[in-house]
1. Rounded to the nearest 0.05, what FRET efficiency do Asp619 and Phe340 give with R0 = 51 Å and r taken as the Cβ-Cβ distance? Could you check?
2. Filter the trypsin sites (Lys or Arg not before Pro) in segment 120-199 to those in DSSP coil with at most 12 other Cβ atoms within 10 Å of their Cβ, and list the result.
3. Among the listed pairs Lys397/Lys598; Lys285/Lys320; Lys190/Lys534, which have their C-alpha atoms separated by more than 22 angstrom in this model?
4. In percent, what relative contact order does segment 252-335 have, based on Cα pairs under 8 Å that are 6 or more apart in sequence?
5. Could you go through segment 152-161 in sequence order and give the Karplus-derived ³J(HN,Hα) for each residue, using 6.51 cos²θ - 1.76 cosθ + 1.60 with θ = phi - 60°, rounded to whole Hz, and x for Gly and Pro?
6. Between Val583 and residues 5 or more places away or on another chain, which pairs have amide H atoms under 5 Å apart, with H built 1.01 Å from N, and which residues are they?
7. Keeping the other protein chains in place, figure out the carbon and sulfur percent of the accessible area of segment 340-407, with a 1.4 Å probe.
8. Relative contact order (percent) for segment 282-395, with alpha-carbon contacts under 8 angstrom and 6 or more residues of separation?
Amino acid sequence: MISTFAQWKLFLSDKLKQSAITRIMYFQAGIRKRQSKTHRQSVGFSLLPACIDKSAAKEIILMTEMFRKITLILCFPTALMAYPVRPVSIRSSDEFTHFIGRLLLVILLISISFTQPLVAQERQIVASGSFGAIATGHPRATAAALSILERGGNAVDAAVAAAFVLGVVDLSNSGPGGEGFALVRLPGGKIESWNGTIRRPRSGLIGSSSIGLPTEVALLLSLHERHGNRCLTELLSPAIKLAREGFQVTGYLETVLAKGIFRFRDPEAIALFAPGGRPVRAGEKFIQPALADTLASIAADHGASFYNGELAGRISRDIKARGSAYTSDDLAAYRPGCEFPVTLDIGPWRLVGVPPPSCSVVVMGMVRQLLASSWNPNTTEGLAEWLDIARRYLRLKRIELPKCIRNPRRFFVAASLSGPQTKIGRDLESDPDPDEMGGQSSPSTVPDDLNPSNEPLQENTTHLVVWDKNGMIVSMTLTLGLHFGAAEFSPLGFFYSNQMRHYTNFSSRYPRDYPIDAGPISSKAPLLVLRNGKPFLAIGGAGNNRIITNTAAVTSAVLSGNQSLAEAVNAPRAFPEAKNTTVIEWRPELRKTLAALKMAGLLTGGTRNKPELTGRKVDVKPAGDDYFGLVSAVCANNNDNSASSTVTSEAGLIAVGDYRRDGSSAAVFRDPAEHRDSRFEIPAWQKNNFNESSTQEVPHVAP
């Protein structure tokens, strides 16, 4: 995003003498009136130059309350001191007009700079609006997406901007070294499924490293090239600015960094994240100059250098030195796949997901089971039922999903034939949990000397949803695998993913005929829900297998009418960690819940550290613990059953960000088409300064 100062500079250079001064003076005059705060804000919005984007306008309105008196005290007395000889009329003196205009401009810009950190850190959990909505894993990413929507960008533009920002501010969960999946619904109703996961090295070798091929950038650039309508430099500007100028570390990032820094081996990473000999703390500014340069290069040549040029060479040499079998040919040849989505009809609902190796079909099958059993999330008895269903579907994911890579609907058949008396059911019961597999240590457990608590490291991701006023929707999950991925820090300023580890039987039971060119089975599960053909819900999550259970629970609770979207996202969670372990999130009725689990036979013995294999143990974690992941969702707030894809002011949208981690939401409550005639645009010469021909075609698009 072009800076506020640059926007003012470009605007005033053209209309300094009349239009700009008139608007600014009117703006100040409107603020000077002794009216209510609400009226002053409405006056400010209507008179502010339309070239200033709304986020900047909101900053100006907020700062005016604090600096109104300073403006009045400094502006006119200073002007009179500068011209003491004779009184001057504002309309008759160009010199005085220039002076007042410049003085007001300086005061406004200083005020914006003072208030910007506060506004940028504002976090909203639930938001509603009629012209678009966003839910992401960080307030900065949400703000970037909101700004793009309010300037006329579509959902893909906003999602791309938010994703690149997440790679800067939520860098333990995603970034240029990661991968992802996405669902894109176009305004006409067509839905595309995008597979941006890794592939095996073209050489057929595996190597000694878990580093996965960096594919996230290719996914984002392909989405933008196919469906975006804003300049790529505009979309990457927020991420570049945050990386170069810094952002305030959140409590969540402080926590995951304190736990994850034990795995860092690169001196450059340790120096960056622990300046002065300790990890950065919440509230401190964190700057990433190398990442800023990398993002600027991507913006300048549309990723050509990242996959085919100088940056690609640096990446390939670096990962080869770390034991990876990937080469520069793998980077140059990579293209994300655009495929037919998989669907499942349940009454008036149609669930739409990404085919395997994504786990969307697992979520869809679990939702069907929960709705068929009339599951009620508001009862303690419902918790026991849900845990039983969740445990069964997680085992189906491990055993049956790899067999469905060529025919996704086969999974629904396997789920319906997984009763205790069937072969599939017996396989589910006999399959050992990964932590019970004799002689095979967990790849997610690092040596004791690098992990003092010796606790298994949980896989984590991030998810974002953007829904614009025309019904274009993006539901996208991005990941590095573990927090900070492989903990291998690229000289380009980002962490590599550890996704190659998913090609092992520890992750899934792969058949011998598993396609050589398919990505590994992944828990990522973007989901769209249609009601009578009209988009109703876009949702996804973060947190390894908690993605599946959380997304299914929230979706089922909303579709059944038992909970609103906000209630479902923020409700206490639980997870069947293993055959004899259940992890639940603290809740006010904790004692009642534990009693219900005991009645259901889920709590019959054992301790937290030494569970009895004939009994069950329950591990209670704090509310909001990182273990329970994150859910981002946007829901249509209407009862209209028409098939129109356009969101009207009568319909509206509700966005919900998870209170866990740094989840946040925002909504557009004003039509972006208003005042488009004077909206700021990037000059044509700046657009043409980049090599448009370097972008690559997506090889396959579903008709």
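1. Once the sixth-power term is evaluated, E becomes 0.80.
2. Lys190
3. Result: Lys397/Lys598; Lys285/Lys320 exceed 22 Å.
4. Answer for segment 252-335 is 17 percent.
5. In residue order, the calculated couplings are x, x, 9, 5, 5, 4, 5, 5, 5, 4 Hz.
6. Phe575, Glu577, Asp619
7. Numbers: 1080 of 2240 Å².
Exposed carbon and sulfur together represent 48 percent of the surface.
8. Relative contact order, segment 282-395: 11 percent.
The values are calculated or read from the model by the stated rules, or taken from the named source; none is laboratory data. Bear in mind the structure is a predicted one, so any value in this text is a computation, not a measurement. Note that we place each Cβ from the backbone using ideal geometry, even for glycine, and neighbour counts take in every protein chain shown. When the accessible area is computed, the model is the full protein with side chains, heavy atoms only, and any ligands, DNA or RNA have been set aside. Shrake-Rupley method; radii C 1.70, N 1.55, O 1.52, S 1.80 Å.
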